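The values are calculated or read from the model by the stated rules, or taken from the named source; none is laboratory data. Keep in mind it's a predicted model, so treat the numbers as computed, not measured. Here the Cβ positions follow ideal geometry from the backbone for every residue, glycine too, while neighbour counts run over all protein chains shown. Heavy atoms of the whole protein, side chains included, go into the accessibility calculation; ligands, DNA and RNA do not. Shrake-Rupley method; radii C 1.70, N 1.55, O 1.52, S 1.80 Å.
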Number of protein chains: 2
Amino acid sequence: MALVVQKYGGSSLESADRIKRVAERIVETRKAGNDVVVVCSAMGDTTDELLDLAQQVNPAPPERELDMLLTAGERISNALVAMAIEALGAEARSFSGSQAGVITTSAHQNARIIDVTPGRVQEALDQGQVVLVAGFQGVSQDTKDITTLGRGGSDTTAVAVAAAMNADVCEIYTDVDGVYTADPRIVPNARHLERVPYEEMLELAATGAKVLHLRAVEYARRYGVALHVRSSYSPKPGTIVSGSVEDLSVEQAMITGVSHDRSEAKVTVRGVPDNPGVAGRIFRVVADAEIDIDMVLQNVSSTDSGLTDITFTVARSNGAEAVAELEKIKDELGFEQVVYDDRVGKVSLVGAGMRSHPGVTATFCEALSNAGVNIEIINTSEIRISVLVRDTQLDDAVRALHEAFDLGGDEEAVVYAGSGR
Amino acid sequence: MALVVQKYGGSSLESADRIKRVAERIVETRKAGNDVVVVCSAMGDTTDELLDLAQQVNPAPPERELDMLLTAGERISNALVAMAIEALGAEARSFSGSQAGVITTSAHQNARIIDVTPGRVQEALDQGQVVLVAGFQGVSQDTKDITTLGRGGSDTTAVAVAAAMNADVCEIYTDVDGVYTADPRIVPNARHLERVPYEEMLELAATGAKVLHLRAVEYARRYGVALHVRSSYSPKPGTIVSGSVEDLSVEQAMITGVSHDRSEAKVTVRGVPDNPGVAGRIFRVVADAEIDIDMVLQNVSSTDSGLTDITFTVARSNGAEAVAELEKIKDELGFEQVVYDDRVGKVSLVGAGMRSHPGVTATFCEALSNAGVNIEIINTSEIRISVLVRDTQLDDAVRALHEAFDLGGDEEAVVYAGSGR
């Protein structure tokens, strides 16, 4: 008998009918002889509706109370799925994050899981029950207050519970049937991937692949939890995320896929005096506003003027704040102006093969050049190359790279309704 | 500094605007120098909406999961009220029933409070915070599962918290400004009551006065918690429920009010053999179906036939089941037929004064007779007389009794919108 952890996202639970279908799949897994622990997100738009109510009563809602509010969403969906399971003749018990022993830091809205003590979950499993654990939530070790885990929180709950219980697999059900070599809506012959090592999945998730959340993949890698990314609407096998690129032979290590991201914006600080410490001051001001910087470019300074430009990217949602923070130090640093540009996109190539195959960067740049795509910033890791391009050329760039590295399959990928989340 | 417990019902919280108004009243109470603990029901129709969802996924939802589901409603409203309080510059902390130490039996949907251990509530009060406790919910002492308290649960939570914390007063905010000598929609000159002893309030609540729930009054009486029933929409003082009729002098003991109830139905078992044990058998069958019997009438048997009729009342919602249970023993007992009649209403007169004033029953019957109202069943306690009448004559009966016992005031009562809950 295996222990299977299954996680279902909000769109798989958006109505009573969808909940019944999810319950059928859970009961099938149980009847096949497995112990089953299920982690559910809140139904459909519940979280947004609750956030909207919060805004109406307090434009800056206190974080502790916001967590108290939002966690109600997962309690509702988990209880409903438990009821639907019982309607099919199996036994089920739902637990809040706190009841399931999900212990976190006290950073509301962005708590980290410190420990999972699944005593009650194990007890219910031992009694033959399907166990539901409310995703996205936990209880603070210090204050005993209810916390939430931030974006991708339910994926992280599932992985953490799987790790604590030594589960055989953690199945992440979503609206696509796994990870592809590129977004099938942009590249029609994108190929379905059977297996992706953790490091590559981390790079894909960090560069725009939305199928899995970065933190959940990090957690799975740290505890060696095998993830199975599958579709809620199809019985087809999905993509297994497991193993390390270190274990791959040179022959196995390949280029895995192309990811893209439309969520960043480019900020350029023009005419910066090229003195030591000025760049550091600029990045410190942005960091102090709790804004993450992704790509960075510093031009060689013109020998005549002694001035340089510093360019970096941030999330578009942080763009206005980053600019405002920089304007505050304009006189202090003596730069000329801040230019904000959100008509950009980022395309990335990921694959362990580039560690052992020289020439990948050359092929990458040639492919974009041949497609008429100009590179604005380039940024690499051991197993990834990312470039910033015009947003209007992003799809072309994805297709050109996918073609140049011969990633396509023989047939067209199936695109599921709603896979645009 | 006083400790004030305030309870707000769902209609006072049905929108963001209403929540803000409730928050204003809470903050006023805090700023007046009081410690404040607030118990909120779920917003407006939330509970009904959740019940509807439950029905859609499982027509017979498991009780444990139903409690897990329904309690989300109070968590939402309490967190929102906390946010609205903070928007006004005061500090607030919301706690679930479990966090607030509301320990109950494990009877889901109808749990009884065993104990309240308000350590975290007291700690937050000591830090100057307004504390919100989710009404209607607790945690089972035995199973640690989430429970709900059944009808009137939030009133009971408020009273139990007030008792455990030795509060100076427990204010129950509702859509009317207190208890009246009769329903002002039926009797325009019904008089507002300043103070009602516990026993009279118990009789009024048990016979149809909807302003307070029976269990909450029972709890308040047992622990000596003074209740103040007030309107959410008006600053006027409401009705204080406190003290015993035992403490009233003969002069103080009066007739307090007239209540009425349209929720009962009359069941008559005709042609019952008048043998010992037959009546007991009939009532046992009904009790075994967990149906409460209210009023009972056994006619004197006709000497000719040796047959009698047995008549009793039950809640209309249980009527069909009571009849079905009785039909099953028709042949065994040999009675003629079961007649079901829900065109009835009950009118009651309540007041400690009837203990010491002979003639109240006579005046009662004369008043109804003069109004042309026929009495079908009569039933009395030490401080109450109730009769069953035709439903079409119920309003006339209420008015006739109110007039006969001179209960009216000089002015017309104000009827608030929505007071028909």
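With a point put 7 Å past each Cα toward its Cβ, work out how far A:D115 is from B:E123 in nm, to one decimal.
1.7 nm
Using label points projected 7 Å from each Cα along Cα→Cβ, tell me how many nm separate A:T380 and B:M1, to one decimal.
6.6 nm
How large is ³J(HN,Hα), in whole Hz, for each residue of segment A:116-129 in order, when computed from phi with the Karplus curve 6.51 cos²θ - 1.76 cosθ + 1.60 and θ = phi - 60°, using x for Gly and Pro?
With coefficients 6.51, -1.76 and 1.60, one gets 10, 10, x, x, 5, 5, 5, 4, 5, 4, 4, 8, x, 8 Hz.
Ordering A:E251, B:E199 by accessible area with a probe of 1.4 Å, largest first, what comes out? Mind dumping the intermediate values first?
On the way: A:E251 145, B:E199 30 Å².
Most to least solvent-accessible, the answer reads A:E251, B:E199.
Under a Cβ-only charge scheme (Lys and Arg +1, Asp and Glu -1), can you give me the dipole magnitude of segment B:238-320 about the Cα centre, in debye to the nearest 20?
Values: 6 positive and 12 negative charges, 83 e Å.
It comes to approximately 400 debye.
Average partner chain C-beta neighbours within 10 Å, per residue of A:48-61? Can you show the working numbers first?
Working: counts 0, 0, 3, 0, 1, 9, 6, 2, 8, 15, 12, 2, 3, 7.
Going residue by residue through A:48-61 and averaging, the value is 5.
Looking only at the protein assembly as shown, where both bridge partners belong to it, what percent of the DSSP beta bridges are antiparallel (to the nearest 5)?
Counting DSSP beta bridges with both partners in the protein assembly as shown, the antiparallel share is about 60 percent.
Provide the packing ranking of B:112-121, A:220-229, i.e. peptides ordered by the mean count of other C-beta atoms within 10 Å per residue, highest first. Display every interim value, and only then the final one.
Values: B:112-121: 17.1, A:220-229: 20.0.
So the order, starting with the most tightly packed, is A:220-229, B:112-121.
Quick one: with label points 7 Å out along Cα→Cβ, list the inter-copy distances for A:L307 in nm, shortest first?
Once sorted, the set of distances for A:L307 reads 11.2 nm.
Can you compute the helix-only [θ] at 222 nm over chain B? Use -39500 (n - 2.57) per DSSP H run of at least 4 residues, normalise by all residues, nearest 500 deg cm²/dmol.
Counting only the DSSP helices, I get -10500 deg cm²/dmol.
Roughly how crowded by other chains is peptide B:82-94, in terms of the mean Cβ count from those chains within 10 Å of each of its Cβ atoms?
Numbers: counts 9, 15, 6, 4, 7, 6, 1, 0, 0, 1, 3, 5, 7.
Taking the mean over all residues of the peptide, I get 5.
Counting other Cβ atoms within 10 Å, keep those with at most 16, restrict to DSSP loop, and tell me which GluC sites (Glu not before Pro) in segment A:47-115 are left.
Details: sites: A:E49, A:E63, A:E65, A:E74, A:E86, A:E91; in loops: A:E91.
Passing both the DSSP loop test and the Cβ count: A:E91.
Taking the alpha-carbon centroid of each part, what is the distance from segment B:358-398 to segment A:39-92 in angstrom?
51 Å
I'd like the interface area for chains B and A: accessible area of each alone minus the complex, both sides summed, 1.4 Å probe, protein heavy atoms only. What is it in Å² to the nearest 100? Intermediate values should be presented prior to the final figure.
Values: alone 19080 and 19050 Å², together 34860 Å².
That pair of chains buries around 3300 Å² in total.
Per the 1.4 Å probe, what fraction of the accessible area of the protein assembly as shown, in percent, lies on carbon and sulfur atoms?
Accessible surface attributable to carbon and sulfur in the protein assembly as shown totals 46 percent.
Starting from the alpha-carbon convex hull of the protein assembly as shown, give the projected area averaged over all orientations, in nm². Working shown, then result.
Details: hull surface 182.4 nm².
For the Cα atoms of the protein assembly as shown, the hull's average projected area reads 45.6 nm².
Among DSSP bridges having both ends in chain A, what percentage is antiparallel? Round to the nearest 5.
Numbers: 43 of 71 bridges.
Antiparallel bridges make up about 60 percent of those DSSP assigns within chain A.
Given label points at 7 Å from Cα along Cα→Cβ, what nm distances, shortest first, separate B:G128 from the same residue in every other copy?
Its label point is 5.8 nm from the equivalent points in the other copies.
To the nearest 20 debye, what is the magnitude of the charge dipole of segment B:75-165 about its Cα centre, counting +1 on the Cβ of each Lys and Arg and -1 on the Cβ of each Asp and Glu? All intermediate terms of the calculation are to be shown ahead of the outcome.
Values: 6 positive and 8 negative charges, 46 e Å.
The dipole magnitude comes to about 220 debye.
Give me, ordered by chain and number, the residues 5 or more places off A:Q6 or on other chains with an amide H under 5 Å from its own placed amide H.
A:V37, A:V38, A:V39, A:E171
Hey, what do the phi angles of segment A:165-176 turn into as Karplus ³J(HN,Hα) couplings, whole Hz, using 6.51/-1.76/1.60 and θ = phi - 60°, x for Gly and Pro?
Result, rounded to whole Hz: 9, 6, 5, 6, 7, 10, 8, 9, 8, 9, 9, 10.
Below 20 Å Cα-Cα, how many Lys pairs turn up in chain A? Only count pairs eight or more apart in sequence, or on different chains, if you could.
Here the count comes out as 12.
Let me check something: with ligands and nucleic acids excluded, how do B:R284, A:R230 order by accessible area (1.4 Å probe), largest to smallest? Walk me through the numbers on the way to the answer.
Details: B:R284 135, A:R230 35 Å².
The residues order as B:R284, A:R230, largest area first.
Give me, ordered by chain and number, the residues 5 or more places off B:D261 or on other chains with an amide H under 5 Å from its own placed amide H.
When sequence neighbours closer than 5 places are left aside, the close amide H contacts are B:K346.
Once phi is turned into θ = phi - 60°, what whole-Hz ³J(HN,Hα) does the Karplus curve with 6.51, -1.76 and 1.60 give for every residue of segment A:19-32, x standing for Gly and Pro?
Result, ordered by residue: 4, 5, 5, 4, 4, 4, 5, 5, 5, 4, 5, 5, 5, 6 Hz.
What is the spin-label model distance, in nm, from B:E24 to A:H357 if the labels are put 7 Å beyond Cα along the C-beta direction?
Between B:E24 and A:H357, the label points sit 6.9 nm apart.
To the nearest 20 debye, what charge dipole does the protein assembly as shown have about its Cα centre, counting +1 at the Cβ of each Lys and Arg and -1 at the Cβ of each Asp and Glu? Each step should come with its number before you reach the end.
Working: 76 positive and 124 negative charges, 92 e Å.
For the protein assembly as shown, the charge dipole is close to 440 debye.
Skip the ligands, DNA and RNA, and give the accessible area per residue of the protein assembly as shown with a 1.4 Å probe, whole Å².
Values: 34860 Å² over 842 residues.
That works out to 41 Å² per residue.
Explain nothing, just the number: relative contact order of chain A, from Cα pairs under 8 Å at least 6 residues apart, as a whole percent. Could the numbers behind the result be given before it?
Values: 920 pairs, mean separation 58.7, N = 421.
Relative contact order comes out at 14 percent.
Long-range amide H contacts for A:A92: which residues qualify at under 5 Å (H placed 1.01 Å from N, peptide plane, sequence gap of 5 or more or a different chain)?
A:V130
Restricting to segment B:3-174, compute how many DSSP beta bridges are antiparallel as a %, nearest 5. All intermediate terms of the calculation are to be shown ahead of the outcome.
Numbers: 6 of 27 bridges.
Percent antiparallel among DSSP bridges in segment B:3-174 is about 20.
How far is A:T380 from itself in the other copies, in nm, if each label sits 7 Å out from Cα along the Cα-Cβ line, shortest first?
10.1
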